[in-house]
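K.L.:
One structure, pasted below without further comment.
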Amino acid sequence: MVSPNGREESAPARTPVVPALLDLKLVFVTGKGGVGKTTVAGALALLAAQRTKRVLVCEIDATGALAALFEVGPTGFAPREVAPNLYAMSMDTEASLREYLKHSLRVPLIGRIGPLATAFDFVATAAPGVRDILTVGKLCFEVRERNYDLVVVDAPATGHVVSLLAAPQSINELVKVGLIRSQTAWILDILSDHERTGVVAVTTPEEMPVAETLELTARLEAETSVALSAVIVNRVLPELFGRREKEVFERLCEPDLVSQLSAVAGGDTTPILDGARLAVSLRRARAVHLDALRSGLDPTVPLLLLPYLFTRFPGLRTTRQVASALSDELGF
């Protein structure tokens, strides 16, 4: 590790992963936009499926990014198998309402809900928490019915995930008796069970994502009953040189040795050396933010590191690579 003053330091002992992330039943994966949370959610689901678990991965915002990770067609509310043991779906709150009415109230529904849908849109606009309840309720329903061994959720970004997870508690505090109270009670039981449900925060070793992650951890504890199960740092650059290798590299950058290297290589080696120097500089700059994340987190929260993958477009190959890196970090 590199300290803020640029000197090499020994890395602190890593917190062991306890309990295993894949032992949970419901995992919400969140993070600041652009840090790769959807890729991590897909990779986590794929890893669990590879370990013979029956897995559902759900995309809250139907952007199609999840389908791209597995190189399949668009996903819908009805789960579809995208890999062995792995099923994918996209959330649809109206469809979730229809399913709720069918299973909980035994109301037969054919086609669109009609007037009820109009009423639902009106109520949901006036009280946004209603949509959150239907979203969380659908996911908790899959856990309660044990339809899958693990449900992985590509959740909203850090700025919105807290309101999603806090919605059942908010409704429960407002409504003291009746059907709504009883329905939110069992949802809260699942969300509050740290052996079944957890949040995985995805970040990168940069100032703003790290700051948002630390803010998220505080808000989760203060405003929800859901536990932070792990923090995953994506796009971590490798340490190219140790102390002795660094000294050799600095000597190789001297003008006379650069000329000799270029002659032996049969071409100008300056761009290669410049690239290596840039990689070292970026690693050192990011190490400061990684240290800030470590010091700001509860030491009992596992911190997992994923390498920077130099790929332009996500796809099944990238998803498999991230799943493999996650497997190594989790000790499988």
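K.L.:
Identify, by number, the condition in (1) open to solvent by 10 Å² or more (accessible area, probe 1.4 Å); (2) modelled with pLDDT under 90 that Ala124 doesn't meet.
P.N.:
(1)
K.L.:
Take the residues in region 209-226 that are among the small types (Gly, Ala, Ser) and within 13 Å of Leu297 (Cβ to Cβ); name whichever of them is surrounded by the most Cβ atoms within 10 Å (Cβ to Cβ). Can you show your working first?
P.N.:
Narrowing region 209-226 to residues among the small types (Gly, Ala, Ser): 211, 218, 222, 225.
Filter again for within 13 Å of Leu297 (Cβ to Cβ), leaving 211, 218.
Details: Ala211: 16, Ala218: 11.
Looking at residues that are among the small types (Gly, Ala, Ser) and within 13 Å of Leu297 (Cβ to Cβ), I get Ala211.
K.L.:
Could you list, in sequence order, the residues of region 193-228 that are of a type in the set (Asp, Glu), without any contact (Cβ under 8 Å) to a residue 60 or more places away in the chain and closer than 16 Å to Gly159 by Cβ?
P.N.:
Applying the first criterion (of a type in the set (Asp, Glu)) to region 193-228 yields 193, 195, 206-207, 212, 215, 221, 223.
So of that shortlist, the ones also without any contact (Cβ under 8 Å) to a residue 60 or more places away in the chain come out as 193, 215, 221.
Answer for region 193-228, where residues must be of a type in the set (Asp, Glu), without any contact (Cβ under 8 Å) to a residue 60 or more places away in the chain and closer than 16 Å to Gly159 by Cβ: just Glu215.
K.L.:
While we're here: Are there any pairs with C-beta distances below 7 angstrom linking a residue in region 263-291 that is within 25 Å of Val210 (Cα to Cα) to a residue that is in a helix (DSSP H, G or I) and open to solvent by less than 50 Å² (accessible area, probe 1.4 Å), with the two at least 6 apart or on different chains, and if so which?
P.N.:
Correct list of pairs: His289/Val210.
Residue-wise test of (1) among the hydroxyl-bearing types (Ser, Thr, Tyr); (2) closer than 30 Å to Ser170 by Cβ.
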site: Leu240; (1), (2): no, no
site: Lys246; (1), (2): no, no
site: Ser259; (1), (2): yes, no
site: Ala265; (1), (2): no, no
site: Leu290; (1), (2): no, no
site: Leu293; (1), (2): no, yes
site: Leu297; (1), (2): no, yes
site: Thr311; (1), (2): yes, no
site: Pro314; (1), (2): no, no
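K.L.:
Next question, about the same structure. Out of region 203-247, which residues are in contact with a Leu (Cβ under 9 Å, 6 or more places away or on another chain) and β-branched (Val, Ile, Thr)?
P.N.:
Thr203, Val210, Thr213, Thr217, Thr224, Val226, Val231, Ile232, Val233, Val236
K.L.:
To continue, here is another question. Within region 30-86, track down each residue that is under 23 Å from Arg146 (Cα atoms), in contact with a Pro (Cβ under 8 Å, 6 or more places away or on another chain) and either part of a loop (DSSP other than H, G, I, E, B) or of a type in the set (Asp, Glu) (or both).
P.N.:
Selection gives Ile60 alone.
K.L.:
Would you point out which residue out of Ala167, Ala185 is at pLDDT 85 or above and either in contact with a Pro (Cβ under 9 Å, 6 or more places away or on another chain) or small (Gly, Ala, Ser) (or both)?
P.N.:
Numbers: Ala185 fails: at pLDDT 85 or above.
Result: Ala167 is the single residue among Ala167, Ala185 that is at pLDDT 85 or above and either in contact with a Pro (Cβ under 9 Å, 6 or more places away or on another chain) or small (Gly, Ala, Ser) (or both).
K.L.:
Among the residues of region 98-113, are any assigned to a helix (DSSP H, G or I) and at pLDDT 90 or above? Please lay out each step first, then the result.
P.N.:
Of all residues in region 98-113, those assigned to a helix (DSSP H, G or I) come to 98-104.
In the following step, the residues that additionally are at pLDDT 90 or above were identified as none.
Taking every residue of region 98-113 in turn, none turns out to be assigned to a helix (DSSP H, G or I) and at pLDDT 90 or above.
K.L.:
Right, next: May I ask you to verify whether Gly36 is within 28 Å of Ala166 (Cβ to Cβ) and open to solvent by 10 Å² or more (accessible area, probe 1.4 Å)?
P.N.:
Values: within 28 Å of Ala166 (Cβ to Cβ): yes; open to solvent by 10 Å² or more (accessible area, probe 1.4 Å): yes.
For Gly36, the condition - within 28 Å of Ala166 (Cβ to Cβ) and open to solvent by 10 Å² or more (accessible area, probe 1.4 Å) - is met.
K.L.:
Same structure, new question: Does Leu257 qualify as being within 26 Å of Glu215 (Cα to Cα) and surrounded by 11 or more Cβ atoms within 10 Å (Cβ to Cβ)?
P.N.:
Working: within 26 Å of Glu215 (Cα to Cα): no; surrounded by 11 or more Cβ atoms within 10 Å (Cβ to Cβ): yes.
So Leu257 does not fit the description; no.
K.L.:
Residues in region 292-332 that are closer than 22 Å to Glu212 by Cβ, crowded, with 16+ Cβ neighbours inside 10 Å and small (Gly, Ala, Ser): how many?
P.N.:
The total comes to 1.
K.L.:
May I pose another question? For the condition farther than 19 Å from Phe28 by Cα and touching a residue at least 40 places away in the same chain (Cβ under 8 Å), what is the one hit in Ala78, Ala68, Ala41, Ala45? If you could, list the steps in order and put the result at the bottom.
P.N.:
Numbers: Ala78 fails: touching a residue at least 40 places away in the same chain (Cβ under 8 Å); Ala41 fails: farther than 19 Å from Phe28 by Cα; Ala45 fails: farther than 19 Å from Phe28 by Cα.
From the options Ala78, Ala68, Ala41, Ala45, the qualifying one is Ala68.
Here is a yes/no grid of residues against (1) part of a loop (DSSP other than H, G, I, E, B); (2) farther than 14 Å from Asn234 by Cα:
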position: Ala292; (1), (2): no, yes
position: Asp298; (1), (2): yes, yes
position: Leu306; (1), (2): no, no
position: Thr311; (1), (2): yes, no
position: Ala325; (1), (2): no, no
position: Phe332; (1), (2): yes, yes
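K.L.:
Return a yes/no flag: does region 262-280 have any residue that is open to solvent by 80 Å² or more (accessible area, probe 1.4 Å), closer than 30 Å to Val202 by Cα and either in a helix (DSSP H, G or I) or not β-branched (Val, Ile, Thr) (or both).
P.N.:
Looking for residues that are open to solvent by 80 Å² or more (accessible area, probe 1.4 Å), closer than 30 Å to Val202 by Cα and either in a helix (DSSP H, G or I) or not β-branched (Val, Ile, Thr) (or both), one finds at least one in region 262-280, hence yes.
The values are calculated or read from the model by the stated rules, or taken from the named source; none is laboratory data. Remember, it's a predicted structure, so these values are computed and weren't measured experimentally. Neighbour counts are summed over all protein chains in view; Cβ atoms, including those assigned to glycine, are modelled from backbone coordinates with ideal geometry. SASA here: full protein model, heavy atoms, side chains in, ligands and nucleic acids out. Shrake-Rupley method; radii C 1.70, N 1.55, O 1.52, S 1.80 Å.
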